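What follows is one structure encoded as structure tokens, with my remarks underneath.
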Amino acid sequence: MNDTAPIAVFGAGGKTGTEILRHAVREGIAVRAFENSLPEPSDRVDNVEYFQCDVFNDDFSGELEDCRAVISALGIRFSPSTAIDPPPLYTEETRRLVEAMSATGISRIVVISAAFVEPQPSVPAWFELTARPALHNFLEQMRAMENLLERAKGLEWTAARPGWLLDEPYTGEAVITDERLAQDCFRCRHADLAAAMLEFVCENTWVNAKPAIARPEADRFEKVSALKAELGID
């Protein structure tokens, strides 16, 4: 597949997905946006073709024709109910993506996992004690998703492992390291993650790997109260 063919982006209406589309358009990279519920026209990224797609139930292999790769920005919004029993999005939807890719001859996929799937020496102790228990079921699904990708035959995969995601502007300063976060790196901006995921596809880097992505941030973004507020933990 030539390097001007479009990249299929799933979860394109979420924060990271939208940033992937914006970055792609700025860089002149063709993309096709897939989302379960299409954003309102005013919320869509200009010059991007959107497709409504229920990954669990729809046959979307036709829309993948002529695409060179898949980027999955699919994710589950944290809430007390999803923390207890998260839907099998990371596992089953990723399996469906891989099956559709196989049917259309696509071998390259980049997905979002999380740095916290594995112990991280640079992560504050309070995070391990406070947030990790709340995220346990999410992280177990992400671990299973990584295992699924590793077992798939003929697949060229990348499981991006961002630090704790942060909704702030793009910096281009993310530190990318193998599997574990770099020292003093804890948070990862959605926009920096988006740019890295596109780079992995366009430059064919970090194939069959789990790159950790984060950067040092200001104390106001990394203190306990900020993380608890974002998680909704008292």
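Rule-based calculations on the coordinates, nothing more; no lab input. Owing to the predicted nature of the structure, the values given are computational and were not obtained by experimental measurement. Here Cβ is always computed from backbone atoms with ideal geometry, including for glycine, and neighbour counts include all displayed protein chains.
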With an 8 Å Cα cut-off and a minimum separation of 6 or more residues, compute the relative contact order for segment 24-140 in percent. 24
Two-decimal log10 I(q)/I(0) for segment 124-234, as the Debye equation yields it once each C-alpha is a single scatterer, q = 0.12, 0.18, 0.24 Å⁻¹: -0.46, -0.98, -1.42
GNM on the chain, C-alpha springs below 10 Å: top fluctuator among 45, 31, 110? 45
Charge sum, other residues only, whose C-beta stays under 14 Å from residue 95's C-beta, Lys/Arg counted +1 and Asp/Glu -1: -2
Using Cα-only point scatterers and the Debye equation, what is log10 of I(q)/I(0) for segment 110-181 at each q in 0.20, 0.23, 0.28 Å⁻¹, rounded to two decimals? -0.96, -1.16, -1.38
tail above 28 Å in the computed P(r) of segment 3-156, as % of all Cα-Cα pairs, reads 24
Looking at segment 1-63, what % of its DSSP beta bridges pair antiparallel, to the nearest 5? 0
Rounded to the nearest 5, the percent of DSSP beta bridges in the chain running antiparallel is 15
Residue 167 paired with residue 130, simple spin-label distance in nm, labels 7 Å along Cα-to-beta-carbon: 2.0
From the phi angles alone, apply the Karplus equation (6.51, -1.76, 1.60; θ = phi - 60°) to segment 10-24 and give each ³J(HN,Hα) in whole Hz, x where the residue is Gly or Pro. 9, x, 6, x, x, 5, 5, x, 4, 5, 4, 4, 4, 5, 4
Grab the DSSP H runs of the chain that are 4 residues or longer, score each as -39,500 (n - 2.57), total them, divide by all residues and round the 222 nm result to the nearest 500 deg cm²/dmol. -11000 deg cm²/dmol
Check each of the trypsin sites (Lys or Arg not before Pro) in segment 84-188 and keep only those in coil by DSSP with at most 16 other C-beta atoms within 10 angstrom; list them in order. 153
What would the Debye equation give as log₁₀ I(q)/I(0) for segment 99-152 at q = 0.20, 0.24, 0.29 Å⁻¹, counting only Cα atoms as equal point scatterers? -0.77, -0.96, -1.18
Over segment 185-231, what lengths in whole Å, largest first, do the semi-axes of the equivalent ellipsoid take, defined as the square roots of 5 times the eigenvalues of the alpha-carbon gyration tensor? 27, 10, 9
Among 127, 200, 138, the residue with the largest mean-square fluctuation in a Gaussian network model of the chain built from Cα contacts under 10 Å is 127
Here the FRET efficiency for residue 229 versus residue 137, based on Cβ atoms and R0 = 22 Å and rounded to 0.05, is 0.55
Candidates 97, 129, 64: whichever shows maximal mean-square fluctuation once the chain is modelled as a Gaussian network with Cα springs under 10 Å: 129
